[in-house]
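Quick note: the coordinates plus some simple rules give every number you see, no bench work behind them. Worth saying up front: this structure is predicted, and the values here are computed from it rather than measured. So basically every Cβ, Gly included, is an ideal-geometry build from the backbone, and we count neighbours across all protein chains shown.
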Amino acid sequence: MFSLNHYQPTRVVFGNNALNEIVKIIQTYGNNVFIVCSNSFPARKESNLLFSLLEKSGIHYEVFNEVTTNPTEDVIRKGATALKKMQSSVIISVGGGSVHDAAKAMKLQYSHSSDGLIDYTVTGKYSVPGISNNMIPHITVPTISGTGAEVSPASLVRIENQKHIIYSPFLYPIACIVDTDLFTCQDEETISRVGVDAFYQGLECFLANNSNPFSDMFALSTVVSCLKYLPALVKDTNDDSLKQLVELASINSIKGVSNAGVGAIHALSDPLSGQFNVHHGVAETIVAKSVINHYIEKKVEKINLLEKHLYQSFITTNKDFPLMFVQQFDWFLSKLVINTTDDIKAIRTKGYNMDSLVAESNNPDMGTAPIHLSNLDIASIFKQSL
Ligand SMILES: [Fe+2]
């Protein structure tokens, strides 16, 4: 017996010219849109695909292009103020996870009276029940895959150098448009460090203490797809079919995570991103190996199930595919381009306070870890990782 309460209201549109669909969706709500993106997007040639489509359709738009990795409260407040001024009917976020997360936080701030986002974080004064169903319709347009933020009900924001989670079913975007014509500015390293998040989400969701047959289905499919398609996409960064398959893995990871949660890899990565502004996928990779070793040492049973499943899935086509999960993980990482060295060096140079890293690791992501990690366990993982 298991319990399930699945809700995923985001319409997902895939395919050639999927972007054209955006006009019909916008026009259901009005005629002016607020576009949230990074500062590099408007200068990239594919941005014209979106801008000219809106212009041709008589849709007025304004662009807010100040979102960076690990978006801060200041940027979100600035965006929400611009959104209020424009009184737009729809918000569109175009980019990766940080851009979608920022847009969700902006639409929350736009429609809720309290000044501080901190009040709406899952551990805040108002928390999840304080977020009401009066959000401006939000359409996501991913330009890179991995976080699945384009279909998730969560927003990760940095408030006073601490990463916080805002969650509400009302934060789900109404639609996600996946058009690989917009996935053009992708180098091997960006694809790797963003894409690897889908793998960690699938892995942690499969191991989570909340996992169930429904979440397992998506978690396993995510892990297998990441192992199959992410290294292939890193090798051939222009392959549109692979881009779609990695995006599908990202979407599946969220279907799993929204039912079962994540675990210690995400939990320990949060203070590294919050305090040192390390990219999410890089921060996860810094701690992942030691977390996995800890789980193996503590005999987390589902790792054995996973390693058997992966071995059977890959050995027929990859004669060198390892038998043990730690080596399978190394095999996967060796095919990606993720530089953890520079960030580890920067963290060491700046200096870190172990007590605060440990304290901030005891966040909601930890709640679904497969086993309890004591403060000593967490400190020991950080020592090994940094
Ligand atoms: Fe993640």
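Overview of values
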| quantity | calculated |
| --- | --- |
| The chain - percent relative contact order, Cα under 8 Å, separation 6 or more | 16 |
| Range of Cα positions in the chain per principal axis (Å), largest first | 59, 49, 47 |
| Label-point gap, in nm, between Asn48 and His309 - each point 7 angstrom along Cα→Cβ | 4.6 |
| Qualifying chymotrypsin sites (Phe, Trp or Tyr not before Pro) in the range 214-251, DSSP loop, other Cβ atoms within 10 Å at most 16 | none |
| Rounded to 10°, Cα long-axis angle of helix 301-314 versus longest principal axis of the chain | 80 |
| Distance histogram in 5 Å bins (all Cα pairs of the range 11-182, percent per bin) | 1, 9, 20, 24, 22, 13, 7, 3, 1 |
| Between helix 264-276 and the chain: long-axis angle, C-alpha atoms, 0 to 90°, nearest 10 | 60 |
| Approximate spin-label separation Asp119-Arg11, in nm, with each point projected 7 Å along Cα-to-Cβ | 3.4 |
| Sequence of Thr349, Thr143 once ranked by neighbouring C-beta atoms within 10 Å, starting from the fewest | Thr349, Thr143 |
| Net +/- balance of residues flanking Gly96 in space, Cβ distance below 11 Å, scoring K and R +1, D and E -1 | -2 |
| Angle between the chain longest axis and helix 280-297 axis [Cα atoms, degrees, rounded to 10] | 30 |
| Highest-first arrangement of 305-317, 241-253, where packing means the average Cβ count within 10 Å | 241-253, 305-317 |
| Antiparallel DSSP beta bridges within the chain, as percent of all bridges there, nearest 5 | 20 |
| For Ile338, Ile381, order by how many other beta-carbon atoms lie within 10 Å, fewest first | Ile338, Ile381 |
| Neighbour-count order for Phe325, Phe276, Phe206, fewest beta carbons within 10 angstrom listed first | Phe276, Phe325, Phe206 |
